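Working notes for the structure below.
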Amino acid sequence: MSDYRSGFAALIGRPNVGKSTLLNALLGQKLAIVTPRPQTTRHRIIGIVDTPEGQIAFVDTPGMHQGHERALNRAMNRTATSVLADCDLALLLVEAQRWTDEDELALQRVRESGRPVICVVNKIDKVYPRELLLPYVGQLATRADFLAIVPVSALRAGNLDELKRTILAALPQGERMFPQGQVTDRSDKFRIAECIREKLTLELVEELPYGIAVEVEKLETTPDGRTEVSALIWVDRAGQKPIVIGAGGERLKRIGRSARLELNHIFGRRHHLTLFVKVRENWADDVRALQQLELE
C-alpha cells in the first residue's frame, strides 16, 4: 500500500455555497443537513470516502460569515477556522460566476492557515453556455496559488470523480485512518438531532431564523427493534414556542412525522419521536448553552 494516500480535506467557504450538498454527493448518501437557509451547518462533520487509491476524510464546516453579533455566530466562525489547523488540505468552495466579501474572508482564512488549497467551483449547472466559466476561472487563478481549480455541480453530482482524483493526488501517503465502511465520526444521537433541526428549519421558513436548536435527551432501542427518541427543541424567546407547536399542535406533529420518515430511511429501522419545545432565553448568546449543544 505504498501508493495509498489518506488525509483530511476541509470544506471551507461562505454560507450557502453548497458545502453540505457537496459532502452528501461525494459520500453518495445524506449525512449533512441541507436547507436554503444560510448558516444551516453549525458543527464540524466528518464524512469518509474510500477508494482503491486512498481514503479522504472530508470535514464539512459552518460557512465563513461576517456577522459577529451573537456568540453562536462567533463560535461557528471559530469552528470553521480551527478545522484548517488540523487538516492536510483545504477545499475552498466558491459559486460559479460569483465572488463576495465573504468569499474573500474564507480565502483569507485559508491563506493564513498555510495549508495547500484546491479551489472547487460549484453550481456550474447554472452556467450556460459553459464557456462563460472560462473568464471566471481565469480570475480565480489570480487570487491565490491554488493546486488546482476544479468545476463541479454538487446538486447534479457532476465532475466529482475528477475532484476526488485531484484531492487524493494532493494528500500524503499513509494508512487508512478510519475502518473501511465507516461513513462519519458523528453519533446516531447527533444525526437524529440534526435531522429534526432540518425539518424544523424547512417548516418554519423565515419565522425562526437562528434561535432554534435540538437536543436529544433519550435514545433507546426497544425489544422489537424500534428506536425511541425524546428530543428537546430550544427556542430563545417565549413568543416562538407557539409558532413551533402550531394550532392544535399540528405543526409540531408535521415536523415529527417528516423527521421520523427520514430517520427510518437513513438508519433502516423504525423510529418513534417525542418532541418537546422549551424556552431558553437568548441561548445563542449563552456560552454554557453552546457548550451543552456541543457548539462551543
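Derivation of every value follows stated rules applied to the coordinates shown; laboratory data play no part. Just so it is clear, the model here is predicted, and its values are computed rather than measured. Here the Cβ positions follow ideal geometry from the backbone for every residue, glycine too, while neighbour counts run over all protein chains shown.
Between Asn122, Asn16, Asn282, the Gaussian network model of the chain with springs among Cα atoms under 10 angstrom shows the greatest mean-square fluctuation at Asn282. Every helix of 4 or more DSSP H residues in the chain counts as -39500 (n - 2.57), and over all residues that averages to -11000 deg cm²/dmol at 222 nm.
Using the per-residue mean of other Cβ atoms lying within 10 Å as a proxy for protection, in what order, highest first, do the peptides 238-250, 48-60 fall?
Working: 238-250: 12.8, 48-60: 19.6.
The peptides rank, most packed first, as 48-60, 238-250.
Ranking Pro179, Thr166, Gly246 by how far each Cα lies toward the positive end of the dipole of the chain (charges on Cβ) leaves Gly246 at the top.
By its C-alpha gyration tensor, with a ≥ b ≥ c as the square roots of the eigenvalues, how is segment 5-170 shaped: rounded for a/c under 1.5, else prolate for a/b larger than b/c, else oblate? Please report the intermediate quantities before stating the final value.
On the way: a/c = 1.29, a/b = 1.10, b/c = 1.18.
Taking the square roots of the gyration eigenvalues as a ≥ b ≥ c, segment 5-170 is rounded.
The charge dipole of segment 5-170, taken about its Cα centre with unit charges on the Cβ atoms of Lys, Arg (+1), Asp and Glu (-1) only, comes to about 400 debye. Among 145-151, 85-91, the peptide with the highest mean count of other Cβ atoms within 10 Å heads the list, and the full ranking is 85-91, 145-151. Recomputing Rg and Dmax of the Cα atoms in Å from the coordinates shown identifies the correct label among (i) 21.7, 67; (ii) 19.9, 63; (iii) 27.7, 113 as (ii). Taking max minus min of the alpha-carbon positions on each principal axis, segment 196-246 gives extents of 40, 19, 18 Å, largest first.
Residues in segment 138-148 carry Karplus couplings, in order, of x, 5, 4, 4, 8, 7, 7, 8, 6, 4, 6 Hz; the curve used is 6.51 cos²θ - 1.76 cosθ + 1.60 with θ = phi - 60°, and Gly or Pro positions show x. Evaluated with a Cβ-only charge set (Lys, Arg +1; Asp, Glu -1), the chain carries a dipole of roughly 660 debye about its Cα centre, given to the nearest 20. Near Val127: Cβ cut-off under 14 Å, other residues only, Lys/Arg at +1 and Asp/Glu at -1. The net charge is +2. Once backbone amide H atoms are built at 1.01 Å from N, Ala154 has Lys123, Ile124 as its partners under 5 Å, excluding neighbours fewer than 5 places away on the same chain. Taking every Cα-Cα distance in segment 188-292 and sorting them into 10 Å bins from zero, the calculated P(r) comes out as 15, 49, 29, 7, 0 percent. Across segment 247-256, coupling constants 3J(HN,Hα) worked out from phi with the 6.51/-1.76/1.60 Karplus curve, θ = phi - 60°, read 4, x, x, 5, 5, 5, 4, 5, 4, x Hz, and Gly and Pro carry x. Overall, segment 1-58 carries a charge dipole of about 460 debye about its Cα centre when +1 sits on the Cβ of Lys and Arg and -1 on the Cβ of Asp and Glu, all other atoms neutral. Of the residues Leu89, Tyr4, His272, the one whose Cα sits farthest toward the positive end of the charge dipole of the chain, with +1 on the Cβ of Lys and Arg and -1 on the Cβ of Asp and Glu, is His272.
Taking amide H positions as modeled 1.01 Å from N, with prolines and chain starts lacking one, the residues under 5 Å from Val214 and 5 or more places away or on another chain are Trp234.
Residues whose amide H falls under 5 Å from that of Gln55, counting only those 5 or more places apart or on a different chain, are Arg5, Ser6, Gly7, with hydrogens built in the peptide plane. Going by alpha carbons, how many degrees (0 to 90, nearest 10) lie between the helix axis of 188-204 and the longest principal axis of the chain? The two axes meet at around 80 degrees.
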